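*Asks:* Attaching a single structure in structure tokens format; questions to follow.
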There are 2 protein chains.
Amino acid sequence: MKSTLLSRRDLDFLLYEWLRVDELTKRQRFAEHSRDTFDGVLDLSEELAEKYFAPHNKKSDANEPTFDGTRVVVIDEVREAIEAFAQADLIGASMDEALGGAQLPVCVAQAAFAYVSAANVSTSGYLMLTIANANLIAKFGDDEQIDSFVKPMLAGRFSGTMALSETQAGSSLADIVTRAEPRDDGSYRLFGSKMWISGAEHELTDNIVNLVLAKIPGGPAGTKGISLFVVPKYLVGADGSIGERNDVTLAGLNHKMGQRGISNTVLNFGEGVHTPNGEAGAVGYLVGEPHRGLMYMFHMMNEARLAVGMGAVSLGYTGYLKSVEYARIRAQGRLVKDSSTPQVPIVDHADVKRMLLAQKSYVEGGLALGLYCTKLIDLQRTAESAEEAEHVTDLLDILVPVAKSWPSQWCLEANSLAIQVHGGYGYTREYDVEQHYRDNRLNPIHEGTHGIQSLDLLGRKVTQRDGASIAELGRAVAATIAQGTAAGGEAAELAALLDSSWQRLVEVTTAMFATGDAEATLANSAIYLEAFGHVVMAWIWLEQFIVAENADEDFSSDFYSGKRQAARYFFRYELPRTAPQLDLLEALDRTTLEMRSAWF
Amino acid sequence: MKSTLLSRRDLDFLLYEWLRVDELTKRQRFAEHSRDTFDGVLDLSEELAEKYFAPHNKKSDANEPTFDGTRVVVIDEVREAIEAFAQADLIGASMDEALGGAQLPVCVAQAAFAYVSAANVSTSGYLMLTIANANLIAKFGDDEQIDSFVKPMLAGRFSGTMALSETQAGSSLADIVTRAEPRDDGSYRLFGSKMWISGAEHELTDNIVNLVLAKIPGGPAGTKGISLFVVPKYLVGADGSIGERNDVTLAGLNHKMGQRGISNTVLNFGEGVHTPNGEAGAVGYLVGEPHRGLMYMFHMMNEARLAVGMGAVSLGYTGYLKSVEYARIRAQGRLVKDSSTPQVPIVDHADVKRMLLAQKSYVEGGLALGLYCTKLIDLQRTAESAEEAEHVTDLLDILVPVAKSWPSQWCLEANSLAIQVHGGYGYTREYDVEQHYRDNRLNPIHEGTHGIQSLDLLGRKVTQRDGASIAELGRAVAATIAQGTAAGGEAAELAALLDSSWQRLVEVTTAMFATGDAEATLANSAIYLEAFGHVVMAWIWLEQFIVAENADEDFSSDFYSGKRQAARYFFRYELPRTAPQLDLLEALDRTTLEMRSAWF
């Protein structure tokens, strides 16, 4: 039976036919690998996803973590899945061999991870946070921190969290007040409270490694005074043994609409419930240097944001495949008005095909963009010259807000369409798609809301380094257009459409900044992000179209025909949405700015 | 404290300043009423909503009906709310006095009902179905049926359901197979199974009146052979006493994403669990004549579809008000880059204002359209000439698919934006908005999916009676444009935009039908519905703008300023979306038609 998690055929197309990730093995970091090892990890992840993650997806939704006053109880299947993933050595898939990682390209590791995330976004969330946490300490922590925390996380014995937000400071990290007081032995004592901490306070692993942003008293104000600390649930002895309970305690569990299987908590640090080593405060260890915490976080932010985008894609993808399967077997209505003829499968109705095509264009497009960007991470990490690194960074920087927000918006829309294809059944918990929709609704919020991504794009990435990022993207787009034009025929037609959209985007961008009216320029940043995203996706779809056009003997196969049709759909139904958006932006519309609170 | 269910100020504006519903009292049917009685019923409904419906909205979401093997258990608060509503004589608000109704205009009754629906869409769902059921029997049933079933429903002693769909026939009623066998005494015995029956098999009322579509053996094939039956849960004696259990039994409960407080069931008829009067089959009573069941249903469909649209509006509206309230008190971030200044309420951020303005334009626009259409029902019901009735029917017919689907789409989007304004909090069940979003997701599905509405609009309403419906709408739109043009200034500018959009819509519609290619014309009916809907809403917003412009002394008040700004928002941000949609339609794009099942 074909998997309804992801399409392996599509993954193979994107990774090998399009991105040619097997060529990464020419780089020293990946020299030990080959397409075989890449395929192996994809196979393995799919197998684990089907065997350990998918089966309890509904169960963990219906049985969210509960606090019995002492312990947070999580259903057993979550631990089993985490252990299976760890035992398969997949936690460290993209990490250095020296640390015990498999040193795979990030794009291959992320493609593999998409299987578990499609199967169970909550359970895989514990793993995603652990991986992000381990990456951060591995990059900026010292050897002792790596031994004490990173290695047990790679082995699946410890898990990780990211504790950034506070109740009064969600999107505004400058306003955090958790403080870290230095002690003579070089450690710190933390006092404060953190909000929205996923994957905290459970007993799935022997220990939990909380990475916490806090301020060292006397440091600079605002974001410049933020430092990063490791604050484990249990202290760890020099020999790696689990020691005393640290003063990190649960203030409460949040109860979410979706992603219910992963604990989401308010954590108190140094509230006095425990007194590790007989002293007040939660013991924390500074990562790197003081006051550089936010910089460290930002350094990992590209990867974290891509991971969120990929999570949104994976949920959209599995919903798409399930709605295709449903539409093929569900008979309803007729194409001719004769009730004596049998009903036809709903996949034959034009409107259902529209809903499936839209989903296909969103989820395959989103996956393509995600993999493209994660490959850029690999190229950045293994750049063979400063110049290459610079080009790759420029391109990556401007694509990240899109790769985070676009799938969060459109793969959520895909889930809504998957429900619609299922009709009333899709609205019930007896089917899977309503959960995907609920689960996916988180993605436009966490790891920087849609609004934050739009300010990052328009207020920062577009102008940074004198516009180097958008120029780099322009060159990449132009190269694709040139390729399409050279190919002639339909590819050239699509290339012309992309060319005109891209030129219009650049023209509008230039016009906005030329006014010097920063307030009006940024007022509609969210609209800019949407228009920008759709133009970028048209480029990604033209890329795919060209590869599908060049498929020799299989040109007329279902797979390539579908790819081409989805590309056509995107250019005909989706890209034109950007025209009125760009007109609005060019006019520097002040409707929102002029609105007043009292008028609502 | 201001209500966060609906804005009474807005209701007053729409009902009195715009629609002038007080003038309906000049008509004989409403002669006993006055603005005072209208206001009274609005006050009363708001009071009941706050006191009996809102408080258990979360509780009934968390405690959906369960089947213990014998009874379906629903939390007590549901019964209390239903009883309070019935005791206030609101079930029969718009029904004839002769039946015990209050004979209020439907638009006033629906405005009042929007309060309970905003407060608790599930509990109010039992009432909505009872009202629809009672209306249908009152219209087409005989005196005995009215005495036995309608009057107890108005008193709140009985409740009603609508049993149309079957598992193999959701949107395709031609394919139902439930059969009704005639008996010598004039009654029927029903055998079959019905799906998606809301409000069935509970013990909230003494009896449940199921209205069931079934086929009498030997009748015509397809929809022409469908008849309508009353099939009560318990037989009713001539004296109104509750008699023997009928053979209507619960086959199962569906478990939905939202609207969890109202039971949704699979019902079996004549399965043999009970043998009323010692015989097999569920006892049913034919309503009206044989084979006219679908016609009767269609007769009530306008009202039912408007009710769904109004339900979507009410959920959107309460989410909007709650997100405005939240945005005013939640401090986060700054307008200037100086972390030593205090954080500002998020309502001051342009992007948050955009999200609130969008919601305002959707929910106030949706409410306006809903009330406009329900007033048409009143005008239709009290038409003073055949000509008036014809004009009103023409207009109503073409607006109903919009008034059902537009709020189902955009007030759901409003709920998504309400979540986004709340940030992470909005994603938790500790706040209200996530439930509204889940509850509202049903509305694009039931009572005719979005796709079904679009086929109704483009395949039926646009062409019916030689285009009389669209011509009637065109006259109404033209009148508003003329008014705006005459007013000059900004109203004239908006009128010109509407004029050009309307002309373009008509031009595209004409071009599509001129090709004679029905398949391609209907292939993108869903896109047509969306474009059509946005043009209609621009008209509705221009209507409101003109009234707000004419407010004399209060012209500069917050309320009128807000109305004008929301209208501007709609014309600048929303209406332009239609341009690429209409281009696509004009091109009779065949992308979806040419897609093949195997290509997905």
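*Asks:* Classify region A:391-519 as rounded, prolate or oblate from the Cα gyration tensor: take a ≥ b ≥ c as the square roots of its eigenvalues, call it rounded if a/c is under 1.5, otherwise prolate when a/b beats b/c and oblate if not. Intermediate results must be reported in sequence, preceding the final value.
*Replies:* Values: a/c = 2.64, a/b = 1.49, b/c = 1.78.
Note, shape of region A:391-519 comes out oblate.
*Asks:* Which order do the peptides B:372-378, B:232-238 take when ranked by the mean count of other beta-carbon atoms within 10 Å per residue, highest first?
*Replies:* The most tightly packed comes first, giving B:372-378, B:232-238.
*Asks:* I want to make sure I understand the PRE zone here: with the label point 7 angstrom from the Cα of B:GLU413 toward its beta carbon, which residues in region B:419-445 have backbone N atoms less than 12 Å away?
*Replies:* Taking a point 7 Å out along Cα→Cβ of B:GLU413, no residue of region B:419-445 has its backbone N under 12 Å.
*Asks:* If you don't mind, another one. Partner chain Cβ atoms within 10 Å, averaged over the residues of A:251-259 - can you pull that number for me?
*Replies:* 4
*Asks:* Hey, another quick one. Give a quick list of GluC sites (Glu not before Pro) in region B:369-446 that DSSP marks as loop, anything other than H, G, I, E or B, with at most 15 other Cβ atoms within 10 Å.
*Replies:* Here the sparse-neighbourhood loop sites are B:GLU384, B:GLU430.
*Asks:* Pop a pseudo-label 7 angstrom from the Cα along the beta-carbon direction at both A:ALA238 and A:ASP338 and give the gap in nm to one decimal.
*Replies:* In this crude label model, A:ALA238 to A:ASP338 measures out at 8.9 nm.
*Asks:* Moving on. Can you give me the Kirkwood hydrodynamic radius for chain A, using every pair of distinct Cα atoms, in Å to one decimal?
*Replies:* It works out to 25.1 Å.
*Asks:* Relative contact order, percent, of chain A when contacts are C-alpha pairs under 8 Å separated by at least 6 residues?
*Replies:* Here the relative contact order equals 12 percent.
*Asks:* Looking at B:PHE513, B:ALA531, B:ASN550, which one has the Cα that reaches farthest to the positive end of the dipole of region B:449-591 (charges on Cβ: Lys, Arg +1; Asp, Glu -1)?
*Replies:* Going by the charge dipole, the pick is B:PHE513.
*Asks:* Provide the FRET efficiency to the nearest 0.05 for the A:GLN464-A:ARG596 pair, computing r from the beta carbons and using R0 = 45 Å.
*Replies:* According to the calculation, E is roughly 0.85.
*Asks:* Suppose R0 equals 51 Å. What FRET efficiency, 1/(1 + (r/R0)^6) with r the Cβ-Cβ distance, do A:VAL177 and A:GLU50 give to the nearest 0.05?
*Replies:* Efficiency computed from Cβ-Cβ geometry: 0.65.
*Asks:* What does the charge count near B:THR515 come to, summing +1 for each Lys or Arg and -1 for each Asp or Glu among other residues with Cβ under 13 Å from its Cβ?
*Replies:* Result for the local shell: -3.
*Asks:* Right, something else. Within region A:138-171, whose backbone N sits under 20 Å from a point 7 Å along Cα→Cβ of A:ASN277?
*Replies:* Under 20 Å, as judged by backbone N against the label point of A:ASN277, lie A:141-150 of region A:138-171.
*Asks:* For A:ILE329, go 7 angstrom from Cα along the Cα-to-Cβ vector, then report the distances to that same point in the other copies in nm, smallest first.
*Replies:* Listed shortest first, these distances are 4.9 nm.
*Asks:* Can I ask one more? Relative to the Cα centre, what is the charge dipole magnitude of region A:449-594, using +1 at the beta carbon of each Lys and Arg, -1 at the beta carbon of each Asp and Glu, and rounding to the nearest 20 debye?
*Replies:* I would put it at about 180 debye.
*Asks:* Something else about it: Please give me the summed charge of the neighbours of B:LEU228: other residues whose Cβ is under 12 Å from its Cβ, Lys and Arg +1, Asp and Glu -1.
*Replies:* Surrounding charge for B:LEU228 is +2.
*Asks:* Could you tell me whether region B:353-439 comes out rounded, prolate or oblate from its Cα gyration tensor? Rule is a ≥ b ≥ c as square roots of the eigenvalues, rounded for a/c under 1.5, then prolate if a/b exceeds b/c, otherwise oblate.
*Replies:* prolate
*Asks:* Treating the beta-carbon of each Lys and Arg as +1 and of each Asp and Glu as -1, no other charges, what is the dipole magnitude of the protein assembly as shown about its Cα centre, to the nearest 20 debye?
*Replies:* In total the dipole reaches around 100 debye.
*Asks:* Enumerate by residue number the trypsin sites (Lys or Arg not before Pro) in region A:308-366 meeting two conditions: DSSP loop (anything except H, G, I, E, B), and at most 12 other Cβ atoms within 10 Å of the site's Cβ.
*Replies:* When the trypsin sites (Lys or Arg not before Pro) of region A:308-366 are filtered for loop state and at most 12 Cβ neighbours within 10 Å, A:LYS337 remain.
*Asks:* Long-range amide H contacts for A:SER193: which residues qualify at under 5 Å (H placed 1.01 Å from N, peptide plane, sequence gap of 5 or more or a different chain)?
*Replies:* Sorted by chain and number, the residues that satisfy this are A:THR178, A:PHE269.
*Asks:* About its Cα centre, what dipole magnitude does chain B give when the only charges are +1 on Lys and Arg Cβ and -1 on Asp and Glu Cβ, stated in debye to the nearest 20?
*Replies:* 1460 debye
*Asks:* A further question follows. With no solvent and one equal point scatterer placed on each C-alpha of region B:1-158, evaluate the Debye formula and give log10 I(q)/I(0) for q = 0.11, 0.12, 0.16 Å⁻¹, two decimals.
*Replies:* Log-scaled intensity ratios, in q order: -0.47, -0.55, -0.93.
*Asks:* Going by the alpha-carbon gyration tensor, a ≥ b ≥ c the square roots of its eigenvalues, is region A:109-171 rounded (a/c under 1.5) or, if a/c is not under 1.5, prolate (a/b greater than b/c) versus oblate?
*Replies:* Oblate.
*Asks:* Using only the alpha carbons of region A:508-600, what is the convex hull's orientation-averaged projected area in square nanometres? Don't skip to the answer; put the middle values down first.
*Replies:* On the way: hull surface 30.9 nm².
One quarter of the hull surface, i.e. the mean projection, equals 7.7 nm².
*Asks:* Which one of A:PRO65, A:HIS391, A:LEU457 has its Cα pushed farthest toward the positive end of the charge dipole of chain A, where Lys and Arg give +1 and Asp and Glu give -1 at the Cβ?
*Replies:* A:PRO65
*Asks:* What whole-number distance in Å separates the alpha-carbon centres of region B:295-312 and region A:199-227?
*Replies:* With region B:295-312 and region A:199-227 each reduced to a Cα centre, they are spaced 55 Å.
*Asks:* In chain A, if the dipole is taken from +1 on Lys/Arg beta carbons and -1 on Asp/Glu beta carbons about the Cα centre, which of A:LEU585, A:GLY293, A:GLY426 is farthest to the positive end?
*Replies:* The residue sitting farthest along the positive end of the dipole is A:GLY426.
*Asks:* When only DSSP loop residues count, what GluC sites (Glu not before Pro) in region A:169-250 have their Cβ near at most 12 other Cβ atoms within 10 Å?
*Replies:* Values: sites: A:GLU201, A:GLU203, A:GLU244; in loops: A:GLU201, A:GLU203.
Listed in order of number, the matching sites are A:GLU203.
*Asks:* Would you calculate a helix-derived [θ] at 222 nm for the protein assembly as shown, using -39,500 (n - 2.57) for each DSSP H run of n ≥ 4 and dividing by the full residue count, to the nearest 500?
*Replies:* After summing the helix terms and dividing by the residues of the protein assembly as shown, the value is -16500 deg cm²/dmol.
*Asks:* In nm, to one decimal, how far is the modelled label at B:GLU203 from the one at A:ILE75, with both set 7 Å along Cα→Cβ?
*Replies:* 3.1 nm
*Asks:* Measuring from label point to label point, each 7 Å out along Cα→Cβ, what is the A:LYS2 to B:GLU97 span in nm?
*Replies:* If labels sit at A:LYS2 and B:GLU97, their model points lie 6.6 nm apart.
*Asks:* Sticking with this one: Return the FRET efficiency for the residue pair B:ALA331, A:GLU519: r is the Cβ-Cβ distance, R0 is 22 Å, and the value is rounded to the nearest 0.05.
*Replies:* For R0 = 22 Å, the calculated efficiency reads 0.65.
*Asks:* Just checking the output field for A:435-447: average partner chain Cβ neighbours within 10 Å of each residue's Cβ?
*Replies:* Averaged over the peptide's residues, the number is 3.
*Asks:* Turning to a different aspect of this structure: As I understand it, the value is the acute angle between the Cα axis of helix B:121-140 and the longest principal axis of the Cα atoms of chain B; what does it come to in degrees, rounded to 10?
*Replies:* Relative to chain B, helix B:121-140 is tipped by roughly 60 degrees.
No lab work stands behind these numbers, since they all come straight from the coordinates. Everything quoted here is computed from the prediction, not taken from an experiment. Glycine gets a Cβ as well: all are built from the backbone with ideal geometry, and neighbour counts include every protein chain shown.
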